[in-house]
Amino acid sequence: MPTWTALTTLNGKAQADALGAALEHMDPEPTGIGVFEVEDDSGLWEVGAYFTDQPDDTALLLLTTAMGANAFTVSELPETDWVAHVKRELAPVEAGRFFVYGSHDADKIPEGKHPLLIEAAMAFGTGHHGTTLGCLRALDRLAHAGIVADRVADIGCGTAVLAMGAAAIWDADIVASDIDAQAVDVARANLVANGMEAKVKLAEAAGFDDPVLAGPFDLIFANILKGPLMALAPDLTERLATGGHAILSGILNEQADDVAAHYTAHGNSLTHREEIGEWTTLTLQKKP
């Protein structure tokens, strides 16, 4: 069965959400709708819809005109088993002591590594993205330096792979949170798949807006975007224990100096930075 996609961009979350809601009433009706922030700090949002019947160009034009969006790009997709395709293309990732893999590669786990199972259908957060890989490498460096964290928070956890990495090496009090309910469900499924459901608490929250995120934490992951990271700096620093570490990513290379300076101004020291592709991961320590 053929599938069509219709994609557009526009400014602002409210407008993007409104366009996504309006698409639900189209005829033919879309089989799926997605609303995502473009990860380049541009303020743009992408709205996309999938159709099993070719979408009505006139209806799409009316929606873009009403919502102030760019014209939709409509494409017909080839018939592909996407999960099977991802399984073929998504090789396991080694990040220091961690081995991130899908169940189709369960026979490839190297001896002496900490395996973290993330299914291929949940591709973002598998370790292939430079932000996730950078955070896992930063965690590995801290552990090699003898750091032991008793309390850990993973803010914007996605698949919860970072929380699971911490749970694999420390007997710690760990909480993973995300603003998106679906991400929390994905995190829960991954924790169960890895036998870690008793090791990591989950919370649906924006930033630190949940009692379980009161701190203080010895380590805080925040793999999000520059804007939210800058806004979180006061709360994140407040919830770090003195001498505690923060691992920040979701930062484009050209944004890293601004983020590092902002967190330094809030009482943290930059201890390490790593660029992987177009992304930078920062490791900071809260000053006494």
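Some points to look at:
- Taking every DSSP bridge with both residues inside the range 169-288, close to 55 percent are antiparallel.
- For the residues THR65, THR242, THR132, a GNM of the chain with alpha-carbon springs under 10 Å puts the largest fluctuation on THR65.
- Using alpha-carbon coordinates, inclination of helix 256-265 to the longest axis of the chain, degrees: 50
- Considering only LEU213, LEU62, LEU44, the mean-square fluctuation computed in a Gaussian network model of the chain, springs between alpha carbons under 10 angstrom, is largest for LEU62.
- Rounded to whole numbers, the Karplus 3J(HN,Hα) couplings from phi for the range 47-64 are 10, x, 9, 10, 9, 8, 10, 4, x, 7, 4, 5, 5, 5, 5, 4, 5, 5 Hz, using 6.51 cos²θ - 1.76 cosθ + 1.60 with θ = phi - 60°, and x at Gly and Pro.
- Over the chain, accessible surface divided per residue gives 47 Å², non-protein components excluded, 1.4 Å probe.
- Across LYS13/LYS286; LYS113/LYS226; LYS201/LYS226; LYS226/LYS286, pairs whose alpha-carbon gap is larger than 28 Å: LYS13/LYS286; LYS113/LYS226
- Highest-MSF residue in the chain out of ALA176, ALA260, ALA21 [GNM, Cα springs under 10 Å]: ALA21
- Mean sequence separation of contacting Cα pairs (under 8 Å, at least six apart), scaled by the length of the range 131-288, corresponds to a relative contact order of 23 percent.
- Across the range 213-225, rounded Karplus estimates of 3J(HN,Hα) from the backbone phi angles (6.51 cos²θ - 1.76 cosθ + 1.60, θ = phi - 60°) give 9, 5, x, x, 10, 7, 8, 10, 8, 9, 9, 10, 9 Hz, Gly and Pro being marked x.
- Percent RCO, i.e. relative contact order, over the chain, from Cα pairs under 8 Å lying at least 6 residues apart: 13
- In degrees, nearest ten, helix 130-144 long axis to first principal axis of the chain (Cα): 10
- Principal-axis tilt of helix 181-193 within the chain, Cα atoms, nearest 10 degrees: 60
- The relative contact order of the range 167-259, computed from alpha carbon pairs under 8 Å that lie at least 6 residues apart in sequence, is 25 percent.
- For the range 157-163, putting each phi into the Karplus relation 6.51 cos²θ - 1.76 cosθ + 1.60 with θ = phi - 60° gives couplings of 6, x, 6, 6, 5, 6, 4 Hz, in residue order, rounded to whole numbers and with x for Gly and Pro.
- Sequence-distant residues sharing a close amide H with ILE251 (under 5 Å, placed H): THR280
- Protein accessible area in the range 125-282, 1.4 Å probe - carbon and sulfur %: 51
The values are calculated or read from the model by the stated rules, or taken from the named source; none is laboratory data. Note that the coordinates shown come from a computational prediction; the quantities given were computed from them, not determined experimentally. These area figures cover heavy atoms from the full protein model, side chains too; ligands, DNA and RNA do not enter into them. Shrake-Rupley method; radii C 1.70, N 1.55, O 1.52, S 1.80 Å.
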